[in-house]
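Okay, structure first, notes after.
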Amino acid sequence: MSAPQRVVIISGAGKGLGRAYAHYLAERGFSIVVNNRRHASDEETSADAVVREVRAAGGEAVAHYGAAEDPQTGESLLALALTSFGRLDAVIANAGVSEGTSFCKQTPQSIEQNISINLLGTAYLLLPTFRHLYEQRAGHVLLSTSAAGLFGGHGLPAYSASKAGLIGLMQSLALEGAPHRVFVNAIAPFARTQMTEASLEAATVTGLAPDEVAPIVARLLASDCEISGEVVVAAAGRAARAKMLCGVPGVVGGADASIDAALRSLVSSPVALEHRDAVAMFQSFIGGN
(Lines give C-alpha, C1' and ligand atoms only; values in the text may rest on other atoms or scores of the structure.)
Protein backbone atom coordinates (compact mmCIF):
# COMPACT_ATOMS: atom_id res chain seq x y z
CA MET A 1 0.00 0.00 0.00
CA SER A 2 1.51 3.33 -1.06
CA ALA A 3 2.05 6.13 1.43
CA PRO A 4 -0.59 8.90 1.37
CA GLN A 5 0.30 11.97 -0.63
CA ARG A 6 1.75 14.73 1.53
CA VAL A 7 0.10 18.14 1.58
CA VAL A 8 1.78 21.56 1.78
CA ILE A 9 0.40 25.08 2.09
CA ILE A 10 2.51 27.71 0.30
CA SER A 11 1.66 31.37 0.84
CA GLY A 12 2.73 33.83 -1.82
CA ALA A 13 2.90 30.96 -4.31
CA GLY A 14 1.55 32.74 -7.36
CA LYS A 15 4.90 34.04 -8.59
CA GLY A 16 8.66 33.85 -8.16
CA LEU A 17 10.00 31.59 -5.45
CA GLY A 18 6.61 30.40 -4.22
CA ARG A 19 5.62 29.32 -7.72
CA ALA A 20 8.94 27.47 -8.14
CA TYR A 21 8.40 25.69 -4.81
CA ALA A 22 4.86 24.69 -5.82
CA HIS A 23 5.99 23.15 -9.12
CA TYR A 24 8.98 21.34 -7.64
CA LEU A 25 7.06 19.88 -4.71
CA ALA A 26 4.13 18.86 -6.92
CA GLU A 27 6.55 16.97 -9.17
CA ARG A 28 7.68 15.09 -6.07
CA GLY A 29 4.23 14.01 -5.00
CA PHE A 30 3.00 16.83 -2.78
CA SER A 31 -0.53 18.15 -3.08
CA ILE A 32 -0.30 21.93 -3.06
CA VAL A 33 -2.51 24.61 -1.52
CA VAL A 34 -1.49 27.64 -3.58
CA ASN A 35 -2.09 30.96 -1.84
CA ASN A 36 -1.80 34.36 -3.51
CA ARG A 37 -4.02 37.42 -3.16
CA ARG A 38 -6.41 38.57 -5.87
CA HIS A 39 -5.76 41.79 -7.79
CA ALA A 40 -8.50 43.86 -9.39
CA SER A 41 -6.76 43.74 -12.77
CA ASP A 42 -6.47 39.93 -12.83
CA GLU A 43 -8.07 38.12 -15.74
CA GLU A 44 -6.72 34.94 -14.18
CA THR A 45 -5.34 35.12 -10.66
CA SER A 46 -1.73 34.08 -10.19
CA ALA A 47 -2.88 31.35 -7.77
CA ASP A 48 -5.27 29.95 -10.39
CA ALA A 49 -2.49 30.05 -13.01
CA VAL A 50 -0.15 27.99 -10.82
CA VAL A 51 -2.93 25.50 -10.03
CA ARG A 52 -3.64 25.16 -13.74
CA GLU A 53 0.05 24.56 -14.47
CA VAL A 54 0.43 22.00 -11.68
CA ARG A 55 -2.65 20.08 -12.78
CA ALA A 56 -1.55 20.14 -16.41
CA ALA A 57 1.67 18.46 -15.31
CA GLY A 58 -0.28 15.75 -13.50
CA GLY A 59 -0.16 17.17 -9.98
CA GLU A 60 -2.82 18.11 -7.45
CA ALA A 61 -3.40 21.68 -6.35
CA VAL A 62 -6.10 24.08 -5.17
CA ALA A 63 -6.09 27.88 -5.11
CA HIS A 64 -6.64 30.25 -2.20
CA TYR A 65 -6.85 34.03 -2.51
CA GLY A 66 -6.55 35.35 1.06
CA ALA A 67 -4.26 38.28 1.84
CA ALA A 68 -1.31 37.52 4.11
CA GLU A 69 -2.17 40.32 6.52
CA ASP A 70 -5.73 39.07 7.01
CA PRO A 71 -5.86 37.35 10.44
CA GLN A 72 -8.38 34.83 9.05
CA THR A 73 -6.18 33.63 6.17
CA GLY A 74 -4.41 30.95 8.20
CA GLU A 75 -7.63 29.37 9.42
CA SER A 76 -9.06 29.48 5.90
CA LEU A 77 -5.96 27.86 4.41
CA LEU A 78 -5.96 25.07 6.98
CA ALA A 79 -9.65 24.40 6.33
CA LEU A 80 -9.04 24.29 2.57
CA ALA A 81 -6.15 21.83 2.94
CA LEU A 82 -8.20 19.50 5.13
CA THR A 83 -11.32 19.77 2.98
CA SER A 84 -9.46 19.28 -0.30
CA PHE A 85 -6.85 16.70 0.67
CA GLY A 86 -7.76 15.44 4.14
CA ARG A 87 -4.48 16.32 5.81
CA LEU A 88 -1.66 18.85 6.25
CA ASP A 89 2.02 17.96 6.50
CA ALA A 90 3.97 21.15 5.82
CA VAL A 91 3.68 24.92 5.58
CA ILE A 92 5.87 27.35 3.65
CA ALA A 93 5.31 30.94 4.83
CA ASN A 94 6.60 32.64 1.69
CA ALA A 95 4.31 35.67 1.22
CA GLY A 96 6.11 38.97 1.54
CA VAL A 97 6.62 42.48 0.27
CA SER A 98 9.80 44.54 -0.07
CA GLU A 99 10.47 48.27 -0.01
CA GLY A 100 12.96 50.71 -1.44
CA THR A 101 13.33 53.83 0.65
CA SER A 102 15.44 55.06 3.54
CA PHE A 103 14.07 55.20 7.07
CA CYS A 104 14.13 59.01 7.01
CA LYS A 105 11.57 58.93 4.17
CA GLN A 106 9.28 56.32 5.74
CA THR A 107 5.80 56.98 7.07
CA PRO A 108 4.03 55.07 9.85
CA GLN A 109 1.76 53.60 7.19
CA SER A 110 4.60 52.26 5.03
CA ILE A 111 6.30 50.67 8.04
CA GLU A 112 3.03 49.16 9.21
CA GLN A 113 2.31 47.68 5.77
CA ASN A 114 5.65 45.92 5.61
CA ILE A 115 5.50 44.55 9.14
CA SER A 116 1.86 43.51 8.69
CA ILE A 117 2.49 41.46 5.57
CA ASN A 118 5.92 39.99 6.30
CA LEU A 119 5.88 39.40 10.05
CA LEU A 120 2.28 39.46 11.24
CA GLY A 121 1.10 37.73 8.07
CA THR A 122 3.44 34.83 8.79
CA ALA A 123 2.29 34.66 12.42
CA TYR A 124 -1.37 34.69 11.32
CA LEU A 125 -0.69 31.82 8.92
CA LEU A 126 1.17 29.76 11.50
CA LEU A 127 -1.16 30.27 14.48
CA PRO A 128 -3.65 27.64 13.24
CA THR A 129 -1.36 25.59 11.02
CA PHE A 130 1.50 25.18 13.51
CA ARG A 131 -1.06 24.27 16.17
CA HIS A 132 -2.50 21.61 13.84
CA LEU A 133 0.93 20.09 13.16
CA TYR A 134 1.79 20.28 16.87
CA GLU A 135 -1.38 18.42 17.84
CA GLN A 136 -0.85 15.72 15.20
CA ARG A 137 2.77 15.42 16.40
CA ALA A 138 4.29 15.63 12.94
CA GLY A 139 5.09 18.28 10.38
CA HIS A 140 7.49 20.73 8.81
CA VAL A 141 7.39 24.53 8.70
CA LEU A 142 9.60 26.79 6.59
CA LEU A 143 9.67 30.58 7.02
CA SER A 144 11.07 32.88 4.35
CA THR A 145 13.56 35.33 5.84
CA SER A 146 16.29 37.31 4.07
CA ALA A 147 19.91 38.34 4.24
CA ALA A 148 18.47 41.75 5.08
CA GLY A 149 16.98 40.23 8.22
CA LEU A 150 20.39 38.86 9.14
CA PHE A 151 22.58 41.81 8.21
CA GLY A 152 20.29 44.76 7.41
CA GLY A 153 20.16 46.68 4.17
CA HIS A 154 20.23 50.35 3.21
CA GLY A 155 16.78 51.38 2.01
CA LEU A 156 15.20 48.31 3.63
CA PRO A 157 14.57 49.30 7.26
CA ALA A 158 11.05 47.90 7.76
CA TYR A 159 11.75 44.92 5.52
CA SER A 160 14.92 44.10 7.46
CA ALA A 161 13.11 44.46 10.77
CA SER A 162 10.26 42.19 9.67
CA LYS A 163 12.61 39.53 8.31
CA ALA A 164 14.74 39.63 11.48
CA GLY A 165 11.54 39.15 13.47
CA LEU A 166 10.83 36.00 11.49
CA ILE A 167 14.15 34.51 12.62
CA GLY A 168 13.15 34.95 16.26
CA LEU A 169 9.73 33.46 15.53
CA MET A 170 11.28 30.48 13.76
CA GLN A 171 13.70 29.75 16.58
CA SER A 172 10.95 29.91 19.19
CA LEU A 173 8.65 27.62 17.19
CA ALA A 174 11.51 25.16 16.62
CA LEU A 175 11.94 24.87 20.39
CA GLU A 176 8.19 24.52 20.96
CA GLY A 177 7.73 22.03 18.15
CA ALA A 178 10.68 19.76 18.95
CA PRO A 179 8.92 17.49 21.49
CA HIS A 180 6.08 17.01 19.01
CA ARG A 181 8.29 16.32 15.99
CA VAL A 182 7.41 19.58 14.24
CA PHE A 183 10.57 20.78 12.51
CA VAL A 184 10.81 24.52 11.87
CA ASN A 185 13.44 26.31 9.79
CA ALA A 186 13.93 29.52 7.82
CA ILE A 187 15.34 30.01 4.37
CA ALA A 188 17.10 33.17 3.20
CA PRO A 189 17.00 32.85 -0.60
CA PHE A 190 18.68 34.89 -3.30
CA ALA A 191 16.68 34.66 -6.52
CA ARG A 192 15.68 36.77 -9.49
CA THR A 193 11.99 37.55 -9.01
CA GLN A 194 9.63 40.45 -9.63
CA MET A 195 10.55 41.72 -6.15
CA THR A 196 14.33 41.60 -6.68
CA GLU A 197 14.72 42.23 -10.42
CA ALA A 198 15.57 45.92 -10.15
CA SER A 199 18.15 45.51 -7.39
CA LEU A 200 19.86 42.58 -9.12
CA GLU A 201 20.00 44.48 -12.40
CA ALA A 202 21.52 47.48 -10.62
CA ALA A 203 24.15 45.18 -9.10
CA THR A 204 24.76 43.58 -12.55
CA VAL A 205 24.03 40.14 -11.10
CA THR A 206 23.03 37.45 -13.58
CA GLY A 207 21.33 34.10 -13.09
CA LEU A 208 19.80 33.18 -9.73
CA ALA A 209 16.70 31.37 -10.98
CA PRO A 210 14.05 30.62 -8.33
CA ASP A 211 14.09 26.98 -9.49
CA GLU A 212 17.61 26.63 -8.06
CA VAL A 213 16.34 27.21 -4.50
CA ALA A 214 13.45 24.73 -4.71
CA PRO A 215 15.49 21.50 -4.22
CA ILE A 216 16.84 22.79 -0.89
CA VAL A 217 13.32 23.71 0.21
CA ALA A 218 12.10 20.24 -0.73
CA ARG A 219 14.76 18.54 1.40
CA LEU A 220 13.91 20.72 4.41
CA LEU A 221 10.30 19.49 4.09
CA ALA A 222 11.17 15.84 3.49
CA SER A 223 9.49 13.38 5.85
CA ASP A 224 12.89 12.12 7.02
CA CYS A 225 14.41 15.58 7.58
CA GLU A 226 14.87 16.35 11.28
CA ILE A 227 16.87 19.57 10.89
CA SER A 228 15.24 22.31 12.97
CA GLY A 229 15.95 25.81 14.23
CA GLU A 230 18.25 26.69 11.34
CA VAL A 231 18.54 29.58 8.90
CA VAL A 232 19.67 28.31 5.51
CA VAL A 233 20.96 30.79 2.93
CA ALA A 234 20.27 29.41 -0.54
CA ALA A 235 20.90 30.43 -4.15
CA ALA A 236 22.14 28.96 -7.42
CA GLY A 237 22.44 25.44 -6.03
CA ARG A 238 24.50 26.62 -3.07
CA ALA A 239 23.60 26.73 0.62
CA ALA A 240 25.11 28.12 3.81
CA ARG A 241 24.16 28.11 7.47
CA ALA A 242 23.53 31.46 9.18
CA LYS A 243 23.49 31.61 12.97
CA MET A 244 23.11 34.03 15.85
CA LEU A 245 26.39 33.94 17.77
CA CYS A 246 27.82 35.55 20.89
CA GLY A 247 31.35 36.33 21.99
CA VAL A 248 32.90 35.39 25.33
CA PRO A 249 31.61 37.97 27.84
CA GLY A 250 34.10 40.34 29.40
CA VAL A 251 33.84 42.37 32.59
CA VAL A 252 32.77 45.97 31.94
CA GLY A 253 32.77 48.38 34.87
CA GLY A 254 34.48 51.20 36.65
CA ALA A 255 35.33 54.56 35.11
CA ASP A 256 34.18 55.61 31.63
CA ALA A 257 37.68 55.14 30.23
CA SER A 258 37.74 51.53 31.49
CA ILE A 259 34.31 50.84 30.00
CA ASP A 260 35.38 52.35 26.65
CA ALA A 261 38.47 50.15 26.56
CA ALA A 262 36.43 47.06 27.41
CA LEU A 263 33.85 47.83 24.72
CA ARG A 264 36.58 48.34 22.09
CA SER A 265 37.98 44.97 23.05
CA LEU A 266 34.56 43.33 22.81
CA VAL A 267 33.77 44.63 19.31
CA SER A 268 37.09 43.32 18.01
CA SER A 269 36.82 39.92 19.69
CA PRO A 270 35.67 36.71 17.91
CA VAL A 271 31.95 35.94 17.84
CA ALA A 272 31.81 32.17 17.95
CA LEU A 273 29.60 30.81 20.72
CA GLU A 274 26.30 29.12 19.87
CA HIS A 275 23.45 28.81 22.36
CA ARG A 276 20.42 26.55 22.26
CA ASP A 277 18.03 29.31 23.35
CA ALA A 278 17.87 32.63 25.19
CA VAL A 279 18.02 30.97 28.62
CA ALA A 280 21.18 29.06 27.71
CA MET A 281 22.74 32.25 26.39
CA PHE A 282 21.89 34.09 29.63
CA GLN A 283 23.32 31.30 31.77
CA SER A 284 26.52 31.29 29.72
CA PHE A 285 26.75 35.08 29.90
CA ILE A 286 26.28 35.26 33.65
CA GLY A 287 28.66 32.37 34.16
CA GLY A 288 31.33 34.04 32.03
CA ASN A 289 31.56 31.14 29.58
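The values are calculated or read from the model by the stated rules, or taken from the named source; none is laboratory data. Quick caveat, the model's predicted, so the values are computed rather than measured. Calculation scope for accessible area: heavy atoms of the full protein, side chains included, ligands and nucleic acids excluded. Shrake-Rupley method; radii C 1.70, N 1.55, O 1.52, S 1.80 Å.
Could you tell me the relative contact order of the chain? Use alpha-carbon pairs under 8 Å, at least six residues apart, and round to a whole percent.
Values: 527 pairs, mean separation 42.5, N = 289.
Value for the chain: 15 percent.
Using heavy-atom solvent-accessible surface (probe 1.4 Å) with all chains present, what is the largest-first order of Asp256, Asp89? Don't skip to the end; give the middle numbers.
Working: Asp256 115, Asp89 15 Å².
Highest to lowest solvent-accessible surface, that is Asp256, Asp89.
Antiparallel as a % of all DSSP beta bridges within the chain, to the nearest 5?
Values: 6 of 32 bridges.
Given both bridge residues lie in the chain, the antiparallel proportion sits at roughly 20 percent.
Skip the ligands, DNA and RNA, and give the accessible area per residue of the chain with a 1.4 Å probe, whole Å². Present the calculation step by step, with values, prior to reporting the outcome.
Details: 14750 Å² over 289 residues.
Accessible area per residue, the chain: 51 Å².
At 1.4 Å probe size, with no ligands or nucleic acids counted, give the accessible surface of Asp48 in Å², nearest ten.
Only protein atoms counted, so the area is about 50 Å².
Express the Stokes-Einstein translational diffusion coefficient of the chain in µm² s⁻¹, to the nearest whole number, given a Kirkwood radius over alpha-carbon pairs, 25 °C and a viscosity of 0.890 mPa s.
Values: Rh = 20.2 Å.
Stokes-Einstein gives a translational diffusion coefficient of 121 µm²/s.
Convex hull volume of the Cα atoms in region 1-158, per residue, in Å³? Before the final figure, lay out the partial values.
On the way: hull volume 19.6 nm³, N = 158.
Per-residue hull volume (Cα only) is 124 Å³.
At a 1.4 Å probe radius, which order do Lys105, Lys163 fall into by accessible area, largest first?
On the way: Lys105 155, Lys163 10 Å².
Listed by decreasing accessible area, they come as Lys105, Lys163.
How large, in percent, is the carbon and sulfur part of the accessible surface of the chain at a probe radius of 1.4 Å?
Details: 8370 of 14750 Å².
Carbon and sulfur together cover 57 percent of it.
Leaving ligands, DNA and RNA out of it, rank Ser268, Ser228 by accessible area with a 1.4 Å probe, largest first. Kindly include the intermediate steps, with their values, before the conclusion.
Working: Ser268 95, Ser228 40 Å².
Ranked from most to least accessible, the order is Ser268, Ser228.
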